[in-house]
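*Asks:* Quick one: this structure, given as structure tokens, is what I'll be asking you about.
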């Protein structure tokens, strides 16, 4: 059984690995369009970034500029403008 601190450490390592894997690419496979894997990464990061809840894992995602930019990029592609 893991305590909260250990769970956060494991999660922070996972977030670091995702950030390293994405690197400076626009999309995971360095294509001109997102793939299902980009949508999966978006689902993971948006669950930390979008809710107004503060925790160490949200802070870890927020500290990775590439993950924040990727999340916002995908969000803008899948979100309709207000009123539509």
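Just so you know, all these numbers are worked out from the coordinates, no wet-lab data involved. Quick caveat, the model's predicted, so the values are computed rather than measured. Ideal geometry is used to build each Cβ from the backbone, glycine not excepted, and the neighbour counts take in all protein chains shown.
*Asks:* Relative contact order of the chain, please, whole-number percent, based on alpha carbon pairs below 8 angstrom and at least 6 residues apart. Walk me through the intermediate numbers first.
*Replies:* Working: 52 pairs, mean separation 25.8, N = 84.
31 percent.
*Asks:* Is it possible to state the helix-based mean residue ellipticity at 222 nm for the chain, with each DSSP H run of 4+ residues giving -39500 (n - 2.57), the sum divided by total residues, to the nearest 500 deg cm²/dmol? What is it? Don't skip to the end; give the middle numbers.
*Replies:* On the way: 4 runs with 54 residues, N = 84.
After summing the helix terms and dividing by residue count, I get -20500 deg cm²/dmol.
*Asks:* If I model a spin label as a point 7 Å beyond the Cα along the Cα-Cβ vector, how far apart are those points for residue 30 and residue 53 in nm?
*Replies:* 3.6
*Asks:* Pick out which of 53, 74, 15 has the largest mean-square fluctuation in a Gaussian network model of the chain, springs linking Cα atoms closer than 10 Å.
*Replies:* Of 53, 74, 15, the most mobile in the Gaussian network model is 53.
*Asks:* May I pose another question? Shape verdict for the chain, please, from the Cα gyration tensor: rounded (a/c under 1.5), prolate (a/b greater than b/c) or oblate.
*Replies:* Values: a/c = 2.48, a/b = 1.45, b/c = 1.70.
Oblate is the answer for the chain, as a/c is 1.5 or above yet b/c matches or exceeds a/b.
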